[in-house]
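Reading through the structure tokens given below for one structure.
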Amino acid sequence: MCEKFEVLGVQLDGYTAKEAMQEAIRYMETEPISTIEILAGTSVIELTETGDLREKIAQMDLLVVGDRTLLELSGVEDRTLLREAETNLFVKMFLRYLKKDRRKVFLLAPGDDKQEILREYLERYYSGIEISGAEIVEDRPGVSDMIVNKINGAEIDCIISVLPSPLQEDFIGENKSVLDARIWVGLGEVIKNIQQKNNKKSRLQDFFVKFKLKSEIKRKEKEQQGQSGSKQ
């Protein structure tokens, strides 16, 4: 039984990457579709500001922290979890698994540029994965139905999303019951973060995320202290 911890009001299981992979493999062998989301980057910022998003994320079958800062600010000291979050080990293990088993995937992105980045990344590092289809998700009537029909017609194993929050959570929340696949994995901006890990822009974004999270945690602590004081 893994230890649970809380990140900005969301209860998470403290799975190692290996334990999370065991869950993912189990999902691949069962029906209906199971949902995995990686918590990192701008989705974390959205999470601090949107209570509705927090509820939607909490409904995912498996939440994997892809941001070391999140763990540190939540009081997690386990070195394995911290290292694996920093290196996005689960994402790499999961993609290697899809490559090894030559699984069929369908890609969802918010624009042509993001879709091309994802496609090139998979083809360069995980060439055994079969990309059976890809679509741009836009916020306009009829788009979701069209995309669901294309996904179901492609007979795929996994949907890989690089949609931003809350579009990512809204799409799967609204369409989960009608999607014919084994796993949905919401990567958000994880692929971009992996590619830019050591550049100046990435370090600046990490600083911003950490600053935002620290501010939010301090605000919540003050609220709790105020509520505790008013009860006395």
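For the reader, a short list of remarks on this structure follows.
- Ordering of 63-70, 128-135, 172-179, 81-88 by packing [mean C-beta count within 10 Å, highest first]: 63-70, 81-88, 128-135, 172-179
- Available extension along the chain between Glu19 and Thr87 is 22.9 nm, counting 0.36 nm per residue and deducting the alpha carbon span.
- Two-site FRET efficiency, Arg79 against Gln11, from Cβ-Cβ distance with R₀ of 25 Å, rounded to 0.05: 0.70
- Shape descriptor for segment 90-182: Rg over Rh equals 0.95 (Cα atoms; Rh from the Kirkwood inverse mean 1/r).
- By the rule of a C-alpha distance below 15 Å, with chain neighbours fewer than 8 residues away ignored, the aspartates and glutamates paired with Lys114 are Glu123, Glu135, Glu138, Glu189.
- The mean of 1/r over all pairs of different alpha-carbon atoms in segment 111-162, once inverted, gives a Kirkwood hydrodynamic radius of 12.1 Å.
- Positive minus negative residues near Glu3 (Lys, Arg vs Asp, Glu; Cβ under 10 Å): -1
- Spatial separation of Cα centroids for segment 158-189 and segment 91-113, in angstrom: 13 Å
- Segment Glu31..Ser215, full-extension length gain: 62.2 nm, with 0.36 nm per residue of separation and the alpha-carbon distance subtracted.
- Nearest-0.05 FRET efficiency for Tyr121 and Val143, computed from C-beta distance (R0 25 Å): 0.55
- Amide H contacts of Gly14 (H built 1.01 Å from N, under 5 Å, at least 5 apart or other chain): Glu3, Lys4, Phe5
- In this structure, the amide hydrogen of Gly66, modeled 1.01 Å from its nitrogen in the peptide plane, lies closer than 5 angstrom to those of Leu39, Ala40, counting only residues at least 5 positions away or on a different chain.
- Full-extension gain in nm, Asp180 to Ala58, via 0.36 nm per residue minus C-alpha separation: 41.7 nm
- With all protein chains kept in place, the per residue accessible area of segment 51-106 amounts to 51 square angstrom at a probe of 1.4 angstrom.
The values are calculated or read from the model by the stated rules, or taken from the named source; none is laboratory data. Keep in mind that what you see is a predicted model, and the values were worked out from it rather than measured. Note that we place each Cβ from the backbone using ideal geometry, even for glycine, and neighbour counts take in every protein chain shown. Keep in mind that these areas ignore ligands, DNA and RNA; they rest on the heavy atoms of the full protein, side chains included. Shrake-Rupley method; radii C 1.70, N 1.55, O 1.52, S 1.80 Å.
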